[in-house]
Amino acid sequence: MNYKQTDIDRFFKNPDTGLKCVLLFGTNEGMIADLFKKFASSVCPDLTDAFRVAYLQTEALEKDIGLLYGEYNATSLTGGRRVVLIKDANNNLTKPLKDLLENSLSDTFVVLSSTTLNTKSSLVNYLKDSENAAVVACYEDREQSISAYVSDFFVKNKITIAADAMQLLCQRLSADRKASAGELEKLLTYIGHRRNVTFDDVQKAVSNTAASSVEDLCYHVCRADTQKALQSYAFLLSEGEEPVMILRALTYHFLKILECVAQTEQGKTADMVASGLKPPLMFFRKPDFVGFLKTFRRDFLFDILALLYKAERECKTTGNPAEEIASYTLMQISGAAKKIKARADFR
């Protein structure tokens, strides 16, 4: 089965003995490492207990799969449910795990992790369809999951944080939890014995590790800041983002602006429309967004969307240089936005 955040939280509070295996897969290594430890410790709090916890290497299992059978069916001499931990899992484990989960009476809990498996992998598909197993897709944290992660961190450390500080912190944190965890620990060191985090604390202690997010790129383009837009674009490519996905993010951004512009044409003020967005805008995004609503008109937005749709089609055509097409499109849109802003300023 696919485990969502509510399922994960429920398991951590009361581990279900009916769940025999969980696989954490995806590109977010920090999130995988965090959940890997949490799933294991929710069943056995002491992960150094040699009687209840077994660490198996995938390389060793490829030479002798009997190691997995032995550890899975072993009984703890001190009592309590056993845990088997396997990192870098691959499809070679599909068949033996199927055999164990369907035929063994052991209640051993298996925790697997992998940054190479995907939704098409046989192991992922088998565990997803199994009633006594779960898969958790671990990809880049989005705004909502970052906020939940940060909130949980501060609750555990019995620290409060001001609303404006929370917004700035979530915006600055990386999409990878490993990097985010480092920044949060750095923030704790900075505040020392104080139990409250302020906006100033975040501004001084937390690096802007998410400075080149897709959202930043969208705002750079709309502000007609071509240089920053191209710098963000280059960074995103180096981080593995696909040109098509960046174009789609821009398309979504302009569609949101178009929808809001339509509301302003019905009599609402730009500020009123921006304030009513769900999820709400980060406080430092709002002035820019309100400016976009006052500057960009419906016909301009339709032209930009047509340009983006065309660029996406061209990127998907075999043999076309997708990175160059997307880069040129960013410059076109940024240039057009600059002309529109100049006209608005002149009026």
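The values are calculated or read from the model by the stated rules, or taken from the named source; none is laboratory data. These numbers come from a predicted model, not from an experiment. Neighbour counts run over all protein chains shown; Cβ positions are idealised from the backbone, glycine included.
Condition first: farther than 21 Å from Ser147 by Cα and either at pLDDT 90 or above or not assigned by TED's automatic domain parsing to the domain that holds Val155 (or both). Can you find one or more residues in the range 194-203 that meet it? Yes, the range 194-203 contains a residue that is farther than 21 Å from Ser147 by Cα and either at pLDDT 90 or above or not assigned by TED's automatic domain parsing to the domain that holds Val155 (or both). Scanning the range 13-28 for residues that are outside any loop (DSSP other than H, G, I, E, B) and either buried (at least 18 other Cβ atoms within 10 Å of the Cβ) or not charged (D, E, K, R) (or both) yields Cys21, Val22, Leu23, Leu24, Phe25, Gly26.
Within the range 207-227, if we keep just the residues that are modelled with pLDDT under 85 and buried (at least 18 other Cβ atoms within 10 Å of the Cβ), the residue that is farthest from Glu323 (Cα to Cα) turns out to be Ala210. State whether one or more residues within the range 262-282 are closer than 21 Å to Thr226 by Cβ and crowded, with 19+ Cβ neighbours inside 10 Å. There is no residue in the range 262-282 that is closer than 21 Å to Thr226 by Cβ and crowded, with 19+ Cβ neighbours inside 10 Å. Determine whether Ala311 is assigned by TED's automatic domain parsing to the domain that holds Cys218 and surrounded by fewer than 19 Cβ atoms within 10 Å (Cβ to Cβ). The answer is no for Ala311.
Test Leu330 against the stated conditions and say whether it is within 26 Å of the chain's Cα centre (by Cα), in contact (Cβ under 8 Å) with a residue 12 or more places away in the chain and within 29 Å of Ala148 (Cβ to Cβ).
Criteria not met by Leu330.
Of the numbered conditions (1) out of contact with any His (no Cβ under 8 Å at 6 or more places or on another chain); (2) closer than 30 Å to Leu169 by Cβ; (3) among the polar types (S, T, N, Q), Ser334 fails exactly one; give the number of that condition. Status for Ser334: all satisfied but (1). When Val244, Val273, Val221 are checked against the criterion of being of a type in the set (A, V, I, L, M), without any contact (Cβ under 8 Å) to a residue 24 or more places away in the chain and touching a helix residue (DSSP H, G or I) at 6+ places or on another chain (Cβ under 9 Å), Val273 stands alone in meeting it.
Of the helices (runs of 4 or more DSSP H) lying entirely inside the range 29-82, those carrying at least 1 residues that are touching a residue at least 24 places away in the same chain (Cβ under 8 Å) and farther than 24 Å from Tyr3 by Cα are 58-63, 66-73.
Applying the criterion of being surrounded by fewer than 16 Cβ atoms within 10 Å (Cβ to Cβ) and over 21 Å from Ser213 (Cα atoms) to the residues of the range 126-150, the residue that is modelled with the lowest pLDDT is Glu131. Against the definition (among the basic types (Lys, Arg) and either within 23 Å of Ala148 (Cα to Cα) or assigned to a helix (DSSP H, G or I) (or both)), how does Arg10 come out, yes or no? Judged against the criteria, Arg10 is a match.
Tally the residues that are more than 22 Å from Glu29 (Cα to Cα), outside any helix (DSSP H, G or I) and free of Cβ contacts under 8 Å to residues at least 24 places away in the same chain, restricting the search to the range 83-120. The total comes to 1. With respect to being closer than 27 Å to Ser180 by Cβ, aromatic (Phe, Trp, Tyr), assigned by TED's automatic domain parsing to the domain that holds Leu112 and at pLDDT 90 or above, Phe51 falls outside the description.
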